[in-house]
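Chemist: This is the structure I want to talk about, given as C-alpha cells.
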Ligand code: HEM
C-alpha cells in the first residue's frame, strides 16, 4: 500500500527534476514475466529486474505499482479522477470519411472520466503532467466505442520500453525510500522520444478546469467509409469554453485539489461542450509514432460535438469500473500499427483485472 510520505517524497523528486510528475512519465514496461517473476519485477531497483526488464503488460503494471505503491481497487495509472455523463452528436462531414455510427447524427450516450496521469491518488492538480479524458460511446444497437486521450498533443514514448523505463526510474531507492533524481534525469537524457512532450509540459501550465482543456487522440487511426476507402486521421477535442492555463502564480499557489469541484460547479451552470476536430493525413505523415506531430497545414473536419451535463466523484461514477481500452472500436474506425496504441490494450487489461480483483 502506498503511504503519504512516499508520495510526498516522489513529488519532491519530480519537482527537483522539473515538476514533471510521475504521471507525466509513462515509462517503459517491465521484465518479461517468463524471465522475472512479478514479485521480483516489483522490487524497487532490484539488480535482476534492471537487467532483464522488457516491455510487457505485466511488467509495466508491476513497475507502476513499484513506483506509486498499490492503491487497491484503483487504476494503476491515471489513478486520480472523476466521472461525467453526456452525449455525442456526430457531424455529416465526418460520415464522408467513416461509416462509424458515431457520425450518424443520432444522439449517442457517453460515459466519461477525467484524470491526472500517474499512479498517485493524491497527485496535485497543479502538477505539470498530462490530464486525461476517457470516453465510452454507447452506440445504437449496443456496441461500444472508446476514445481515451490526454491534453498534450504528443506522447512521451515511441516504443513501450520508454514507458517502462520512465516508471523504473521513479521507483524508490531502497537506501532512501525516495526516487533518485539522478536516475530520473538519466531517463530523461537517454530517451530522446520523451523530449517533445517534456518541453510541452514545461512550457504549458495546466488548465484551471477540464472545461478549458483540449484533449488529443495522439495516435493515427484509420477511418473507413461506406466504400471501404481508408483515410488516415488524428483527432482532438477542443472546448467551446475556450482553452485556459493557470498563470504562473496560480500554478504555484492553487490547492492540491480543485479540478473536480471546478468541473462539477461548471456543469451546474449548464452543459460543457467540446468540438471533435479530425485532421486528414497526407502520404508521408507519421502513422505509427505518437511522439511526432503532423504538419499544421492539414485539412480539418468538424466531426461532432461532445456535451457533458453532469459530473460525480470517482467511486460513484459509472466510469469507475470501465476499462477505457482504446482498442475497443466499433465498425468504421480502426487501429494503425502504432506500437504504443497496440501495447495500451493489454496493459489496461492487467490494471483493470487487478483493480476489480481488489474490490
Ligand atoms: C505504453 C503506453 C501506455 C501504457 C502502458 C498505458 C498504461 C495505462 C494504464 C495501466 C492505465 C490504467 C487502466 C485501468 O486501470 O483502467 C491507463 C489509463 C489511462 N491512459 Fe494510458 N497508457 C499508455 C499510453 C497512453 C496514451 C498514448 C494515452 C493518450 C493518448 C493514454 C491515456 C490514458 C488515460 C486518459 C487513462 C485513464 C483512463 C480512465 O480514466 O480509465 N495512455 N494507461
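Chemist: Could you count how many residues in segment 226-237 are in a strand (DSSP E or B) and more than 16 Å from the ligand (Cβ to nearest atom)?
Modeler: 3
Chemist: Turning to a different aspect of this structure: Could you check, for segment 161-175, whether at least one of its residues is within 17 Å of residue 237 (Cα to Cα) and either within 10 Å of the ligand (Cβ to nearest atom) or surrounded by fewer than 20 Cβ atoms within 10 Å (Cβ to Cβ) (or both)?
Modeler: No, segment 161-175 contains no residue that is within 17 Å of residue 237 (Cα to Cα) and either within 10 Å of the ligand (Cβ to nearest atom) or surrounded by fewer than 20 Cβ atoms within 10 Å (Cβ to Cβ) (or both).
Chemist: Under 30 Å from residue 334 (Cα atoms), more than 16 Å from the ligand (Cβ to nearest atom) and crowded, with 24+ Cβ neighbours inside 10 Å: does that describe residue 223?
Modeler: yes
Chemist: Being in contact (Cβ under 8 Å) with a residue 40 or more places away in the chain, in a helix (DSSP H, G or I), in contact with a strand residue (DSSP E or B) (Cβ under 8 Å, 6 or more places away or on another chain) and within 16 Å of the ligand (Cβ to nearest atom): is that true of residue 102 here?
Modeler: The answer is no for residue 102.
Chemist: Which members of segment 114-160 meet the condition of being under 20 Å from residue 192 (Cα atoms) and either free of Cβ contacts under 8 Å to residues at least 24 places away in the same chain or away from the ligand (no atom under 12 Å from the Cβ) (or both)?
Modeler: 128
Residues are listed down the side, and each one gets a yes or a no for (1) at positive phi; (2) at pLDDT 50 or above; (3) in contact with a helix residue (DSSP H, G or I) (Cβ under 9 Å, 6 or more places away or on another chain):
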{"position": "7", "(1), (2), (3)": "no, yes, yes"}
{"position": "41", "(1), (2), (3)": "no, no, yes"}
{"position": "44", "(1), (2), (3)": "no, no, yes"}
{"position": "69", "(1), (2), (3)": "yes, yes, yes"}
{"position": "84", "(1), (2), (3)": "no, yes, yes"}
{"position": "100", "(1), (2), (3)": "no, yes, yes"}
{"position": "104", "(1), (2), (3)": "no, yes, yes"}
{"position": "109", "(1), (2), (3)": "no, yes, no"}
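Chemist: On to the next question. Kindly indicate whether any position in segment 282-300 is within 16 Å of the ligand (Cβ to nearest atom), assigned to a strand (DSSP E or B), touching a strand residue (DSSP E or B) at 6+ places or on another chain (Cβ under 6 Å) and within 25 Å of residue 88 (Cβ to Cβ).
Modeler: no
Chemist: Could you please let me know if residue 316 is away from the ligand (no atom under 16 Å from the Cβ) and either at negative phi or over 20 Å from the mean Cα position of the chain (by Cα) (or both)?
Modeler: Judged against the criteria, residue 316 is not a match.
Chemist: How many residues does segment 326-345 hold that are under 16 Å from the mean Cα position of the chain (by Cα) and more than 8 Å from the ligand (Cβ to nearest atom)?
Modeler: Selection size over segment 326-345: 6.
Chemist: Can you tell me how many residues within segment 301-329 are surrounded by 17 or more Cβ atoms within 10 Å (Cβ to Cβ), part of a loop (DSSP other than H, G, I, E, B) and touching a helix residue (DSSP H, G or I) at 6+ places or on another chain (Cβ under 8 Å)?
Modeler: Count: 5.
Chemist: Working only within segment 260-281, note down all residues that are part of a strand (DSSP E or B) and under 26 Å from residue 114 (Cα atoms).
Modeler: 272, 273, 274, 275, 276, 277, 278, 279
Chemist: Among the candidates 108, 87, which residue alone is more than 16 Å from the ligand (Cβ to nearest atom), crowded, with 21+ Cβ neighbours inside 10 Å and not in a helix (DSSP H, G or I)?
Modeler: None of the other options fit; the residue is 108.
Chemist: Something else now. Which ones in segment 160-187 are outside any helix (DSSP H, G or I) and more than 22 Å from the chain's Cα centre (by Cα)?
Modeler: 172, 173, 174, 175, 176, 177, 178, 179, 180, listed by residue number.
The values are calculated or read from the model by the stated rules, or taken from the named source; none is laboratory data. None of these values were measured; they are calculated from a predicted model. Reconstructed Cβ throughout: ideal geometry from the backbone, glycine too, with neighbour counts over all protein chains shown.
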